[in-house]
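Take a look at the structure below.
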2 protein chains.
Amino acid sequence: MQVGTHTHTIDEMLRAMAQQGWRITEQRRSLATLFAESGSYLSPKDVYEYMKVKYPGVSFDTVYRNLRLLSEMGVLEQFHLADGLKFKASCLSHHHHHMICISCEKTVTFEFCPMKLVKDLPESFEIQSHRFEIFGYCSDCKSGISQPSELH
Amino acid sequence: MQVGTHTHTIDEMLRAMAQQGWRITEQRRSLATLFAESGSYLSPKDVYEYMKVKYPGVSFDTVYRNLRLLSEMGVLEQFHLADGLKFKASCLSHHHHHMICISCEKTVTFEFCPMKLVKDLPESFEIQSHRFEIFGYCSDCKSGISQPSELH
DNA sequence: CTAGATGCAAAGACTTTGCATAAGA
DNA sequence: TCTTATGCAAAGTCTTTGCATCTAG
């Protein structure tokens, strides 16, 4: 579960799909619901397991197709955590960064952006984007109960 | 080719292996040479292709095994770029960050570290590590000659 | 010598593709 | 309706494993 606010409601996600001319199918509605409600990092398998409950006939390739489509349109973001590829609802509301628990993957947003202060950068580089993430243990995991997985 | 300095010479890498009780085989020497000389991001396939030249019998699994071992001992670092998993000689000399060209993957180091200035972070999080990378176009790619690949 | 490393082959995990059918708009 | 999305099956890609052989120390 994410601590910041959920930046995408289900409706926002569905609206985004419709605007780009995509159909709102049962499966996609289900996908949007999952990501809007969970707010956490989900693997294709997680997503598949979840959707199978409501749509027993759902297939893995549909999950993959929709995850990729939603990523391409910016509704979801992809991450490579230590345990593989994961997806999360993107935070489009405003620019910010994340602290991620390396044990439970709980994510907390914060406003500080290093690009405002960065200096002495190599010249002649046309900056397009950046990544800044802080990894550590959240209060629940600090005690070391669960085996920390190695994020990079 | 990397712009900063090569932080691992072949000897440093071999010494590190020996210190951890590993054997210096022909293939590992070859691997060390490749990463020390190239300084860039290499996929398992790149590595395999390179090693095959000198050791025609080399197998893919040996490449994978050694890449993983070298990563675990910190001689190499893993990255998930847009075109998949890549390895690079780690920069152990001192702490710094990278600017990476999203077209050619050329990498430039810089000294600024956001952790020195970060503030207003959420409480009760035990910080372990961080990532900070800037993506953009290097001077050679700025003109837009090559199709930019999408790093995340 | 002898534990550790390699090469081969095979299996495994994950992801994508082709095509007929089903279902949004 | 009629175009897009789905489910199925199959193939593809990337990575790991088991085991007999080889080799660095």
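The values are calculated or read from the model by the stated rules, or taken from the named source; none is laboratory data. Note that this is a predicted model, so its numbers are computed, not measured. Neighbour counts are summed over all protein chains in view; Cβ atoms, including those assigned to glycine, are modelled from backbone coordinates with ideal geometry.
Annotations for the structure displayed:
- Selection status of B:Phe112, more than 9 Å from chain A (Cβ to nearest Cβ) and either at pLDDT 90 or above or within 22 Å of B:Arg15 (Cα to Cα) (or both): no
Conditions (1) at pLDDT below 90; (2) buried (at least 19 other Cβ atoms within 10 Å of the Cβ); (3) within 10 Å of chain A (Cβ to nearest Cβ), marked per residue:
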position	(1), (2), (3)
B:Tyr48	no, no, no
B:Lys54	yes, no, no
B:Ser59	no, no, no
B:Val63	no, yes, no
B:Leu70	no, yes, no
B:Val75	yes, yes, no
B:Cys91	yes, yes, no
B:Met99	no, yes, yes
B:Ile102	yes, yes, yes
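- Long-range neighbours under 8 Å by Cβ, at least six apart or interchain, first residue closer than 14 Å to A:Arg131 by Cβ and in contact (Cβ under 8 Å) with a residue 24 or more places away in the chain within the stretch B:104-131, second in a helix (DSSP H, G or I) and among the hydrophobic types (A, V, I, L, M, F, W, C): none
- Single unsatisfied condition, A:Tyr137 versus (1) modelled with pLDDT of 90 or more; (2) farther than 17 Å from B:Cys113 by Cα; (3) more than 7 Å from chain B (Cβ to nearest Cβ): (3)
- Test for A:Ala36: is it more than 16 Å from DNA strand D (Cβ to nearest atom) and of a type in the set (Gly, Ala, Ser): yes
- The one condition from (1) in a strand (DSSP E or B); (2) within 11 Å of DNA strand C (Cβ to nearest atom) that A:Asp46 does not meet is (1).
- When B:Gly39, B:Gly84 are checked against the criterion of being within 19 Å of B:Glu105 (Cα to Cα), within 11 Å of DNA strand C (Cβ to nearest atom) and either loosely packed, with under 13 Cβ neighbours inside 10 Å or more than 14 Å from chain A (Cβ to nearest Cβ) (or both), B:Gly84 stands alone in meeting it.
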